[in-house]
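Structure first, then comments.
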Amino acid sequence: MPEIQQANLQFSSYNRTFVGELTERIMIRQCFIIFGCLAFGELIVWLTGIAIPSSIIGMLLLAALLQTKVVKEEWVKGMSDFLISNMGFFFVPPGVALMLYLDIIKAEFIPIVVATVVSTVLVLIVTGWTHQKLKR
């Protein structure tokens, strides 16, 4: 009987190690795909000099790869869920950096608010108009 328990213990230990290695490989693949798309976006911006942020190009590239099924959703789902669930942490550095410019924000508060309101209204109008045109 002790031999069976020892064999089960060894198998359990081996199984945990295998699962851990498999999880690491999956996470590495997910990081590679997501950050690879970001790096390719950087390359495109660097080669062409276009005035579109490389992160947007990388995101569009990832979306295209997902749409064409070159990249399967489950290949990036775990890392994507992790990044989205922790998105708040990514806004801390820009929020802290705003403190450095508080005097400028106070001096230009009214123009900032007006620009924000006007641009929001324009986006709503253009989005609604575009939706109505495409729906017909």
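The values are calculated or read from the model by the stated rules, or taken from the named source; none is laboratory data. Computed from a predicted model, the values in this text were never measured in an experiment. Please note that ligands, DNA and RNA were not included when accessible areas were found on the heavy atoms of the full protein model with its side chains. Shrake-Rupley method; radii C 1.70, N 1.55, O 1.52, S 1.80 Å.
Calculate, in nm to one decimal, what Glu108 and Ile84 gain on full extension: separation in residues at 0.36 nm each, minus their alpha carbon distance.
Additional length available on full extension: 5.4 nm.
Taking amide H atoms as placed 1.01 Å from N in the peptide plane, list the residues 5 or more away in sequence, or in a different chain, whose amide H sits under 5 Å from that of Val71.
It is Leu66, by chain and number.
Taking a cut-off of 28 Å between Cα atoms, list the lysines near Lys77, but don't count ones fewer than 8 places away on the same chain.
Filter leaves Lys69.
For Met99, Met27, give me the order by solvent-accessible area with a 1.4 Å probe, most accessible first, ignoring ligands, DNA and RNA.
So the residues, ranked largest to smallest area, are Met99, Met27.
Can you send over the carbon and sulfur percentage of the accessible area for segment 51-95, probe radius 1.4 Å, protein chains only?
It is 75 percent, rounded to a whole number.
What is the pair-distance distribution P(r) of segment 28-73, computed from all Cα-Cα distances in 10 Å bins starting at 0, with each bin given as a whole percent?
Taking every Cα pair in segment 28-73, the percentages come to 30, 52, 18, 0.
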